[in-house]
């Protein structure tokens, strides 16, 4: 109750509300553009947050995530092209409704469900984050080290088809984290005499490079063009009877979205497809699914918006980003010298309550901004791709320069972009690299501090109960994922025709 | 025959691990270091990356041997990728040129050139309208970053100080 009151109090800050509105607007427009994922939309904003106070900066980024999840459904419904991965399930019935001349109703159901999903997700975020963080208050250096390892173990479920590539990407991230000043002795490592490298490489450069810059390179390398929106629909919200009909699929979406959001690595795409499937299973109108069923939009859209909020639970409580978007949000926290995790609620409670308040403002703003921005989104989707890419490139270059007024940072950005492009071509996942980068310092500094404390006795990691529990959980994650893959490798029939699905 | 993406990725990963390990073992040891020392984890990371890279490459090799049509798979994997690399390299080149000239020409003219070059490179029409969009876009970005956010962007030789 106290948390809710403090969160509502923070709404007295006009900058928070403005940040929420701007974030939602930016997110909707970014999410509506096919190929621009929520994480890229957030990454483009990241450099701008340097000059802002912590709470509005975090609200801006988190609201962008909320807006992008709805924005992705606009092209999904209008041109059968999901703006985000999580909107892919919305294509199935959303586009069918559009073909039947019900695009306005489909967009209305998507927006209405998105707002409900966001509000439900926010409630769960408030209820779950603080108690979980409270558990972590008694952490010692070995426990922090184990927490870092647990965070890295998420890679086991994030690595796509090749877990070894996930671990390799994570190791690459850990290596980048070692550049700069040693956390224990203060000596220089891998700086090669460059003063620019003394403070290390800021995660924001790598994140923007891997996500936004590499996307530019991939788009430049691919074919241009794409379908254009020719209709001019107006959003029509469901009436009372329709709202009643949508209640069950929305409840299914909210439940699944909350669960998947709290699980690092699951994400909005899994949640929206699972919700679609379960909504169809439990619907009396299941024969209409795939033919323009409103429930087929309501369930996935509620789910992916609930995920946008509950994905913050592992980030705020343990400092573990479970998705690309929350990794960017973690970057936003780090920019302001705030470390999400057990001490966040103690040291930066104002930022957390500001975030809750801002997310509430964002959920409400989604309703109005979503309606107002539909024509803008359609206009943006129809812009020539060369100019869209050119402006994103200019924005990225200008934004990164503005962080330290340094051309060296632009070199790092370009290198990270090229590395990201190669990783895509060679099918290496990004998120493990980002996890390695942001958790590298935590892992190394606490590993070495623990050994200094214990007089080089490695058993400290197993005698500390929290550390042991976290390491055991990490082992379960890794062994479970490895076991499944070993089983698939030896027992599943070889798939000889996988070469075609290249990047 | 076995140069699949996985194999190339694995071999490249092992190479990066080896280079990193080489530099990790070059670090000076100090009497003040803790037992693990500044080079302790970097050396481990280098070795782990090498091992992972080799494992990825070996598994890729075994996979291609298991597939009878390894030759056709290879053909599918790399066909048409050269032009994609070249097109992506063009964007990187535009970025590098911007980096080299922005200190001399200043932010606004530099970003206008970057906008125009990127758009034209990706197929925008070569006409006065494109130049106008680039100049207008640069002016808008200059307003956002310099006037609104107060960022000290490169002024160039024409407008120093």
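Bear in mind that the values in this text are calculations on the coordinates, not laboratory data. Everything quoted here is computed from the prediction, not taken from an experiment. Backbone-built Cβ (ideal geometry, glycine too); neighbour counts: all protein chains shown.
Annotations
- FRET E, pair residue B:3, residue A:80, Förster distance 35 Å, beta-carbon r, rounded to 0.05: 0.45
- The percentage of C-alpha pairs in region A:59-156 whose separation is greater than 15 Å is 71%.
- The mean number of Cβ atoms from other chains found within 10 Å of a Cβ in peptide B:129-137 is 2, as a whole number.
- Ranked packing of A:397-403, A:410-416, most packed first, by mean Cβ within 10 Å: A:397-403, A:410-416
- Label sites at residue A:5 and residue A:371, each approximated as a point 7 angstrom past Cα along Cα to Cβ, lie 3.4 nm apart.
- Neighbouring Cβ atoms from other chains, within 10 Å of the Cβ of residues in A:172-179, number 5 on average.
- Packing-based ranking, highest mean first, of A:24-34, B:120-130, A:298-308 given that Cβ atoms within 10 Å are counted: A:298-308, A:24-34, B:120-130
- Remark: spin-label model distance residue B:157-residue B:132 equals 3.2 nm, labels positioned 7 Å along the Cα→Cβ axis.
- Globularity index of region A:304-414, i.e. its alpha-carbon radius of gyration over 2.2 N^0.38 Å: 1.33
- Stretching residue A:453 away from residue A:473 to a fully extended chain increases their span by 4.8 nm, per 0.36 nm per residue minus the current alpha-carbon distance.
- Computed P(r) (all Cα pairs; region A:280-339; 10 Å bins; percent): 21, 33, 18, 19, 8, 1
- The three principal axes of the C-alpha atoms in region A:208-354 carry coordinate ranges of 51, 42, 27 Å, sorted with the longest axis first.
- Simple spin-label estimate for residue A:99 and residue A:243 in nanometres, 7 Å along Cα-Cβ: 3.1 nm
- Computed Rg/Rh of region B:2-161, alpha carbon atoms with Kirkwood Rh: 1.18
- Inter-chain Cβ neighbour count for B:17-26, averaged per residue, equals 2 (cutoff 10 Å, partner chain atoms only).
- Enclosing the Cα atoms of chain A in their convex hull gives a volume equal to 156 cubic angstrom per residue.
- Sorting the segments A:439-447, B:46-54 by their residues' average number of neighbouring beta-carbon atoms within 10 angstrom, most packed first, yields A:439-447, B:46-54.
- For region B:82-148, dividing the convex hull volume of the Cα atoms by the residue count gives 80 Å³ per residue.
- Computed helical MRE - 222 nm, chain B, DSSP H runs ≥ 4 contributing -39500 (n - 2.57), nearest 500: -23500 deg cm²/dmol
- Residues A:353, A:50 in ascending order of nearby Cβ atoms (within 10 Å, fewest first): A:50, A:353.
- Region A:346-413 and region A:31-74 have Cα centres spaced 4 Å apart.
- Here the gap between residue B:101 and residue B:78, fully extended at 0.36 nm per residue and compared with their Cα-Cα distance, gives a gain of 4.8 nm.
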